[in-house]
Amino acid sequence: MAVSCLKIAMFVDIGLLVLIGAASIGVGIWAHLDETIQRLQLPDYLKVLDVGSKVNIGVGAFVILLGIVGCIGSSKEVTCLLWIFFICLMLIVVLMVTIGVIIFISKDLMHDIVKFTLKQSVEDYFTVPAGKSFMDFIQKKFDCCGHTNGLADYNAAALLSGGTVESCKLEYITTPCTEKVKNFILSNLNIFAGVPIGISSVPMIGMIFSMIMICQLRK
């Protein structure tokens, strides 16, 4: 009876894992195919964001595969599969908690990352299409201009020779983007850090159930 109840609990937890995996795949596919994101050309130093969509798809597929392993292991009472399920879940929990903690303690580093990214994109604005695309998106989204000194950050020679920064609205040409973007990220940092830590509770519960089942099967 105890094993039957444990199996039901395992199946519920595995179902949640599979849903998380499917959601990860869905987000990855959306990010990879979304027209708005595709139109936003990313500079080379931000290509890691593009890779993120592919990582999401890969992680989602792995989690679903892991759910199948756990399902077979619990339904057929195969100890070695339950051990594989347990170890993989433990690695996932450690990884997700680590990601959450790193995000949470990276407040000081965040300013430097934002400043470098925006400064580089401003410098590339008139020469690299990806830099222009990225800064136009940021300036329209946050009602700002440039990285530190507003419109003055842009190449003076390019502006004097007819270059324009249309995404810098007249009323915001002295409002730099660095502080606005940094404040947006910091104001949502707890959410960014809390999501992976919160999601890790599902595999953590799966670890507990699988270990209890392993112990039950050894008796």
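Here, each number is a calculation from the coordinates, and none is a lab measurement. Computed from a predicted model, the values in this text were never measured in an experiment. All Cβ positions, glycine included, derive from the backbone under ideal geometry; neighbour counts span all protein chains shown.
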> Which ³J(HN,Hα) values, rounded to whole Hz and listed in residue order, are derived for the stretch 93-100 from phi using the Karplus coefficients 6.51, -1.76 and 1.60 in 6.51 cos²θ - 1.76 cosθ + 1.60 with θ = phi - 60°, glycine and proline given as x?
Replying inline: 4, 4, 5, 5, 5, 4, 4, x
> Quick one, which of (i) 20.3; (ii) 17.8; (iii) 23.1 is the actual Kirkwood radius over Cα pairs in Å calculated for this model?
Replying inline: (i)
> Excluding same-chain residues fewer than 8 positions from Lys7, which lysines have a Cα within less than 29 Å of its Cα?
Replying inline: Lys76, Lys219
>> So in the chain, which Cys have no other cysteine's beta-carbon sitting under 4.7 angstrom from theirs?
In response: Cys5, Cys71, Cys80, Cys88, Cys215
> With the contact rule set at Cα under 8 Å and sequence spacing of 6 or more, what percent relative contact order holds for the chain?
Replying inline: 27 percent
> Between Trp30 and Leu170, what length in nm is gained on full extension when 0.36 nm per residue of separation is reduced by their alpha carbon distance?
Replying inline: 47.0 nm
> Counting each DSSP H run of 4 or more residues in the chain as -39500 (n - 2.57), what helix-only mean residue ellipticity at 222 nm follows after dividing by all residues, to the nearest 500 deg cm²/dmol?
Replying inline: -26000 deg cm²/dmol
> Taking a spot 7 Å from the Cα of Asn155 along the direction of its beta carbon, which residues of the stretch 99-131 have an amide N less than 20 Å from it?
Replying inline: 116-131
> Given the pairs Lys140/Lys169; Lys54/Lys115; Lys119/Lys180; Lys141/Lys180, which span a C-alpha to C-alpha distance of over 19 angstrom in this model?
Replying inline: Lys54/Lys115
> In nm, what is the difference between 0.36 nm times the number of residues separating Asp143 and Glu179 and their Cα-Cα distance?
Replying inline: 11.8 nm
> Where the centroid of each part is defined by its Cα atoms, how far is the stretch 56-73 from the stretch 160-219 in Å?
Replying inline: 23 Å
> Highest GNM mean-square fluctuation, the chain, Cα pairs closer than 10 Å: which of Ile197, Ile138, Ile72?
Replying inline: Ile72
